[in-house]
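Just so it is clear, none of the values below were taken in a lab; they were calculated from the coordinates. Predicted, not measured: the structure shown is a model, and the values here were computed from it. As a convention, Cβ positions derive from the backbone with ideal geometry for all residues, glycine included, and neighbour counts pool all protein chains shown.
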Amino acid sequence: MSHADRILMGPGPGNPYPEVMEAFARPVLGHLDPDFITLMDETNERLRQVFRTANPLTFPVSATGSAGMEATFVNVLGPGDVVAIGVNGVFGERMCDVAARCGAEVVRVEAEWGTAIDPQALLDVHPSPKVIAVVHAETSTGVRNDIAPIGAGKGNALLLVDCVTSLGGIQLEVDDWGVDLAYSGTQKCLGVPPGLSPVTVSQAAIDAFVEKSQSWYLDFTMIANYVTGGGARVYHHTAPISMLYALHAGLGVVLEEGLDEVQARHQACGDRLQEGLVKRGFQLFAQEGHRLPELTSVIVPADRLPDGVDEAGVRHRLLVEYGIEIGGGLGPVAGKVWRIGCMGHTARERNVTMLLGALDEIMG
């Protein structure tokens, strides 16, 4: 089976929109070409619409989502600053690691894997943190954490949110929810291959930037001075031209379909997948009421596995025999949980039908 025929339903990249692949074929412009500058400005405006924000400082970092995470932290945290972080999976843990490398005092609020962070516990854990940080859609567990109540009660703290798996897939209201810094990735619900990390930064966060970021490449101050000060555009780095073509196209597809309609499509596919899995003896892993439609986590029933085949063997057969890629568990749920993505262009009912049918043939 050709790699081009595979259906990517793992927690990582999904199948890109066809319009995105067409964009990659466009002739490469110079990174200072006026036409490319116009395209960058259009891309940033499209990002504002998808983030639901008016923040002038909204743009794609030229690296993947993990760089967006690091960028948002290193610009607002320095030695001795206090950050309260919700931890209920791999990416909350990664936030703690990044913040600690900034020299910040990390105060953790933990929840069991598969369950959501208690917003009030995160608000109460420290009287005056500089930053409160949490993952909106925890990719390692399929859990959605509530953001709006944290934004409503944050006081003078900055609210920093990981939106890698949520942007474009479920409701996200950066301005209305009081989010000050948010970062995402292109490869999830936006239907674009990995390579860029959209970020958005409020004026309050800009005002709280550290005097000198620990990273030169990820230092937002030069870009912020141009955006908010009306100065001349400055050369910072060579932009990844073709990736920006792709993001521009992917955002165009989302906005043309309608953001609400795209989110409804993700929800419908997630609902159908989860109902189908439960009927086949799988147990949903994520807490009820906090389950992501775009990333379904299920406990694999040992009594449904074919003789002599473990859960990894079933995933291997899905890939080799049916061209369907799904993801396994991480950390404490490795070997016990599957993570199945329905994101971006992959969020189609036909893909759900194919996966459920393939599982029927393999598992009986």
Diffing the stretch 167-180: the Karplus 3J(HN,Hα) column from phi (6.51, -1.76, 1.60, θ = phi - 60°), in whole Hz with x for Gly and Pro, holds 4, x, x, 9, 4, 9, 10, 4, 6, 5, 8, x, 7, 9
The lysines whose Cα lies under 24 Å from the Cα of Lys212, excluding any fewer than 8 residues away in the same chain, are Lys130
Looks like the stretch 1-113, by Cα gyration tensor root eigenvalues a ≥ b ≥ c and the a/c under 1.5 rounded cutoff (else prolate when a/b is bigger than b/c, oblate otherwise), is oblate
As straight-line cross-link partners of Lys279, the qualifying lysines (C-alpha separation under 26 Å, not fewer than 8 residues apart within one chain) are Lys336
Restricting to aspartates and glutamates and to Cα separations under 12 Å from Lys188, and discarding same-chain partners fewer than 8 apart, the set is Glu294
Subtracting the Cα-Cα distance of Val107 and Asp5 from 0.36 nm times their residue separation yields 32.1 nm
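Is any helix in the chain, taking whole DSSP H runs, at least 15 angstrom long along its axis by alpha carbon and on average at least 0.5 on the Kyte-Doolittle scale, and which ones? Don't skip to the answer; put the middle values down first.
Working: long enough: 34-51 (26 Å, -0.51); 65-76 (18 Å, 0.62); 90-101 (17 Å, 0.23); 241-257 (25 Å, 1.21); 259-279 (30 Å, -0.74); 311-322 (16 Å, -0.26); 349-363 (21 Å, 0.41).
Span-like helices here: 65-76, 241-257.
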FRET efficiency for His236 and Gln171 from the Cβ-Cβ distance with R0 = 35 Å, rounded to 0.05, comes out at 0.60
Quick calc, Val90 & Glu42: beta-carbon distance into FRET formula, R0 51 Å, rounding 0.05, result 0.90
In debye to the nearest 20, the charge dipole size for the chain, taken about the Cα centre with +1 at each Lys and Arg Cβ and -1 at each Asp and Glu Cβ, equals 340 debye
Cys in the chain lacking any partner Cβ under 4.7 Å -> Cys96, Cys102, Cys163, Cys189
